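Peer 1: I'd like to ask you about the structure that follows.
We did not get these values from a lab; they are worked out from the coordinates using the rules stated. These figures come from a predicted structure and were not determined experimentally. Please note: Cβ atoms are built from the backbone with ideal geometry, for glycine as well, and neighbour counts cover all protein chains shown.
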Amino acid sequence: MSTSTNESTVPARPDRTAKRRVLLSSLAGTTIEWYEFFIYGLASALVLNKVFFPSFDSVVGTLLSLSTFAVAFVARPVGAAIFGHFGVRLGRKNALVITLTMMGGATFLIGLLPTYATIGALAPILLVLLRLVQGLSLGGEYSGAVLMCVEHAGPRRRGLFGAIVNSGSALGLILSNLVFITASAIAGPSFLTWGWRLPFLASAVLVVLGLVVRLKVEESPEFVGGVGTGQATVGGDEAAACTTPGPPRSHQRIRTRSMKPQISPIGRVLEPPAALTGPAGPGCRRPDFPLPIPRTAATKVATWP
C-alpha cells in the first residue's frame, strides 16, 4: 500500500527529448526578452532623447532618456515576485507564456508609439509605462526560465541547464546590436524618423517564434507532482521521503547554550512540542534536536548548568 502511494507522489521525470525542448524554449525565450530589453537601452542612448525629449538640451534629454531605461531595473524584482507567485499557482509554463507575451507586446507598441511632436507630454508618459511592463516581464521570465530548466533537468545537470539559460543575456545583447546596426544601415538618413522603430517592430516575429516553441513544452514535473497530490514537492525524488515518516534519528549534541534543556523557576522541565522533535523521513530537512523556547517577560527561564 505504501509503495503505491510513494510512486504516485513522485512526479515522473521527462525524457531527453522533453528536456532538450525545455532547454531550447527557455534559452530562446530568455534571449528574446534580453534582446528587447537591450534594444531599448541602445535607443535610449541614441534616439529617444531626440524623439521624446526634444524640448531639453542634449545632455538633459539624454539623462531623461536613460532614466526611463532605469525604470525596468526597479520593476524587475517586483516582476520576479509577482510571476513567481503565479508560477506556483498557475504553473511555470503559463507564467512564462504570459511574460513573453507581455514583453513582446510592450516592445511592439514602443515601435508604434507617437513622438513628442505628435501627442506632446503624453508620449514620454506612455514610454515609461511600456518600459515598466518590460521590466516586470523580464523579471518573471528570467527567474521562471531558470526554474523551468532546473526542474526538468536531472539531479546531475541542474547547474548545466541553469548556466545555459543564463547565456541568453549575452545572446540577446549580441542580437540587439546586430539588429540596430542593420536598421541604421537600411534607414540611413531617415533613421531618426522611422529607422529606429524597425528593431522594436521586428521583435514581434521573434516573440511569435518563441511562443510556438514554448507552447510545445511540457509543464514542470515538480508542479505537476504538487498539484496531483495536493502537496508541495520538495524536489524530485525527495518528495516520497518526506511523505513517509522514517525512524527517528538520534539527537545531536549541539554545544550551544540556547539548545540545552530548559527549566522553569518551579522546577518543571520545559520540552518543545512533539511536532518539532518527532520522526522525520530520510529526505526531509527537519531539525532533529529540541528547539529553544523563547524567553518572555512573564516567565524567567533558567537553563541547566
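Peer 1: Using square roots of five times the C-alpha gyration tensor eigenvalues, list the equivalent-ellipsoid semi-axes of the stretch 2-228 in whole Å, biggest first.
Peer 2: 39, 17, 13
Peer 1: By the scheme Lys and Arg +1, Asp and Glu -1, what is the net charge of all other residues having a beta-carbon under 15 Å from that of Val207?
Peer 2: Details: positive: Arg214; negative: Glu33, Glu36, Glu141.
Net local charge, Val207 excluded: -2.
Peer 1: Go through 57-66, 214-223, 35-44 and give me the packing order, highest mean Cβ count within 10 Å leading.
Peer 2: In decreasing order of mean packing, 57-66, 214-223, 35-44 become 35-44, 214-223, 57-66.
Peer 1: Around Ala70, with a cut-off of 12 angstrom between Cβ atoms, what is the net charge of the other residues, counting Lys and Arg +1 and Asp and Glu -1?
Peer 2: On the way: positive: Arg76, Arg131; negative: none.
That works out to +2.
Peer 1: Here is a follow-up. Taking a ≥ b ≥ c as the square roots of the eigenvalues of the Cα gyration tensor of the stretch 161-222, is the shape rounded (a/c under 1.5), prolate (a/b larger than b/c) or oblate?
Peer 2: Working: a/c = 4.90, a/b = 2.14, b/c = 2.29.
Judged from the Cα gyration tensor, the stretch 161-222 comes out oblate (a/c at least 1.5, b/c at or above a/b).
Peer 1: How high is the relative contact order of the stretch 2-228, in percent, counting Cα pairs under 8 Å that sit 6 or more residues apart?
Peer 2: The value is 37 percent.
Peer 1: Which distance in nm do the two modelled labels at Ala121 and Asp57 give, with both placed 7 Å along the Cα-to-Cβ direction?
Peer 2: Modelled inter-label distance: 2.2 nm.
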